[in-house]
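Quick notes on the structure that follows.
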Amino acid sequence: MTHPRLWLVIPAAGIGQRMKAECPKQYLRLNGRYILDITIARVLDSASFAGCMVALNARDQWWPGTESAADGRVRTCAGGKERADSVLSALNALSDVAGADDWVLVHDAARPCLHQDDLGRLTATLKDHPVGGLLAAPVADTLKQSDEAQPPAVVSTVDRRRLWRALTPQMFRLGALQQALESSLAAGHGVTDESSAIEFSGKMPVLVEGRSDNIKITVPSDLALAGFILGQL
Ligand code: CTP
Ligand code: MG
């Protein structure tokens, strides 16, 4: 059997509602480049990928003007209503050329600050693992559980010692992830990352500790922060 290959999936079909910009946040610029281009180039140039599938919004009008559109390693497909729909659509598009046991690395278009050491540690840790896993950062703040009052009051302090923030990339086998997403969506489970779909299928993804500066650009103040982090990497 040939060694499983590694494919990159970039969900980029969101509209960036919380960013409140005139265009989807992946098409805002940092140092003159689209965030989407920075993200894709950083990942593609840091590991050996068989190819890359980017899920785009049906109303996307910016993609043809990106650097990535001119990159021969990159293909596109139509995304869906939720992030999970977009990822599943990309996996379905990939399954024409990729094997069920091939690895898929899913990485948010809105996370341009991924450090290549984190990517290297994730792939090295998981390469022989049956399930796969994700980059995650230990929770640093003290966590409070609230009641439903307005304003809310503290009911208890949550033990944070075994709590992690799920980041991307998340790395799973193509076939298993496809099935897990299909079942989760059919069952109406809200899945906000690949790991939760795999968890619903009864498997236990591995947590690989990653840098906390692998931020997802979400609100306007994240843009300057991402620019600063990128300047330090
Ligand atoms: N995404 C996607 N398809 C969707 C929704 C999101 O491919 N239907 C992608 C986004 O483009 C982003 C990643 O998933 O790269 C993470 O999602 P999020 O940060 O929530 O982005 P948006 O959904 O665009 O932002 P918001 O939730 O503020 O609208
Ligand atoms: Mg969203």
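Sorting check: for 156-166, 55-65, which peptide has the highest mean count of neighbouring beta carbons within 10 Å, and how do the rest follow?
Highest-to-lowest ranking by the protection proxy: 55-65, 156-166.
Kirkwood hydrodynamic radius for the chain: how many Å is it when counted over pairs of different Cα atoms?
18.4 Å
Placing +1 on the Cβ of each Lys and Arg and -1 on the Cβ of each Asp and Glu in the stretch 25-95, which of TYR27, SER89, GLY65 has its Cα farthest towards the positive end of the resulting dipole?
Going by the charge dipole, the pick is TYR27.
Enumerate the amide H contacts of MET53 below 5 Å, restricted to partners 5 or more residues apart or on another chain; note that Pro and chain-start residues carry no placed amide H.
Under 5 Å from the amide H of MET53: LEU8, VAL9, ILE10, ARG75.
Explain nothing, just the number: relative contact order of the chain, from Cα pairs under 8 Å at least 6 residues apart, as a whole percent.
In percent, rounded to a whole number, it is 24.
What ³J(HN,Hα) values, in whole Hz, does the Karplus curve 6.51 cos²θ - 1.76 cosθ + 1.60 give for the stretch 138-148 when θ = phi - 60°, with x put for Gly and Pro?
3J(HN,Hα) across the stretch 138-148, in whole Hz: x, 5, 9, 7, 6, 9, 10, 9, 10, 8, 9.
Across all directions of projection, what mean area in square nanometres is found for the Cα convex hull of the stretch 80-158?
Across all orientations, the stretch 80-158 yields a mean hull projection of 9.0 nm².
What do you get when you divide the Cα radius of gyration of the stretch 1-99 by 2.2 N^0.38 Å, with N the number of residues?
My calculation over the Cα atoms of the stretch 1-99 gives 1.09.
None of the figures in this text is laboratory data; all of them are computed from the coordinates on show. Keep in mind that this is a model prediction, so the values were computed, not measured. As a convention, Cβ positions derive from the backbone with ideal geometry for all residues, glycine included, and neighbour counts pool all protein chains shown.
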